[in-house]
1. Might you check whether a residue that is at pLDDT 60 or above and part of a loop (DSSP other than H, G, I, E, B) occurs anywhere in region 47-59?
2. Please name all residue pairs, on different chains or six or more residues apart, with Cβ atoms under 6 Å, provided the first residue is in region 109-134 and is in a helix (DSSP H, G or I) and the second residue is aromatic (F, W, Y).
3. Any idea how many residues of region 53-63 are open to solvent by less than 40 Å² (accessible area, probe 1.4 Å) and free of Cβ contacts under 8 Å to residues at least 40 places away in the same chain?
4. Out of Y153, Y104, report the one residue that is out of contact with any Gly (no Cβ under 8 Å at 6 or more places or on another chain), over 22 Å from E33 (Cβ atoms), touching a residue at least 12 places away in the same chain (Cβ under 8 Å) and open to solvent by 40 Å² or more (accessible area, probe 1.4 Å).
5. Would you pick out the residues in region 3-22 that are surrounded by 14 or more Cβ atoms within 10 Å (Cβ to Cβ) and among the aliphatic types (A, V, I, L, M)?
6. Please go through region 23-46 and give me each residue that is assigned to a loop (DSSP other than H, G, I, E, B) and either open to solvent by less than 80 Å² (accessible area, probe 1.4 Å) or polar (S, T, N, Q) (or both), ordered by number.
7. Given the conditions (1) surrounded by 12 or more Cβ atoms within 10 Å (Cβ to Cβ); (2) modelled with pLDDT of 85 or more, and given that P111 satisfies all but one, which numbered condition is not satisfied?
Amino acid sequence: MPQSNPMAGEVYRHSKGKMYKVQGIAVHFETGEAMVIYQEMYGDNITYVRPYESFIENFTFTPTGIQPDDTPMGVQPDDTPTEKEPQESPMLRFLDTDDFDEKYEILCNIPKADIDDVLVDNLAVTLDVVIPDGPIEQRFAELKTCVRTRKKYESLRLR
């Protein structure tokens, strides 16, 4: 049964059995389409964005206490804060703003060690652009060029 109101912090099970935690709800800045930002609770903890309707059709809410497939029942995840709380991910900050000046600044401040193909692809999707395969440095530079171009022309169009 589709869920109608995913909220940040809730855990959902994909129809294929993997567990994901909702990070938030966003709105596509050009189309106005509602999107769900969610993170896998296994592997590399990759963050994804998916149209809201698609999310509620393919995911089932998992009440607190039901563990992911790879967590033994009765063992709760460690919710104690670490010494240093992680900063909000660049992906979420990028999605949170409609201002291309801020988007460009966010890109410029992402540590080189955190830049990978998944991040570039996810950020490109939010801009409705495709960054061709190649060396990660080149792909990231092309993404920054896209944002710079939008920054230049979109800011004029909105005034």
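1. Looking only at region 47-59, we keep the residues that are at pLDDT 60 or above, and these are 47-59.
Retained after the next criterion (residues that are part of a loop (DSSP other than H, G, I, E, B)): none.
For region 47-59, residues at pLDDT 60 or above and part of a loop (DSSP other than H, G, I, E, B): absent.
2. Taking only residues 6 or more apart or on different chains, the pairs are V120/F140; L123/F94.
3. The first filter runs over region 53-63 and keeps only residues open to solvent by less than 40 Å² (accessible area, probe 1.4 Å), leaving 54-56, 59, 62.
Adding the requirement that they be free of Cβ contacts under 8 Å to residues at least 40 places away in the same chain leaves 54.
Within region 53-63, residues that are open to solvent by less than 40 Å² (accessible area, probe 1.4 Å) and free of Cβ contacts under 8 Å to residues at least 40 places away in the same chain number 1.
4. Details: Y153 fails: touching a residue at least 12 places away in the same chain (Cβ under 8 Å).
When all the criteria are applied, what remains is Y104.
5. Hits for region 3-22 are V11, M19, V22.
6. In the first step, residues of region 23-46 are kept if they are assigned to a loop (DSSP other than H, G, I, E, B); the result is 28-33, 41-46.
H28, F29, T31, G32, M41, Y42, G43, N45, I46, listed by residue number.
7. With (1) surrounded by 12 or more Cβ atoms within 10 Å (Cβ to Cβ); (2) modelled with pLDDT of 85 or more applied to P111, the lone miss is (1).
The values are calculated or read from the model by the stated rules, or taken from the named source; none is laboratory data. Because the structure is predicted, anything quoted here is derived from the model rather than measured. Note: ideal-geometry Cβ built from the backbone for every residue, glycine included; neighbour counts use all protein chains shown. Heavy atoms of the whole protein, side chains included, go into the accessibility calculation; ligands, DNA and RNA do not. Shrake-Rupley method; radii C 1.70, N 1.55, O 1.52, S 1.80 Å.
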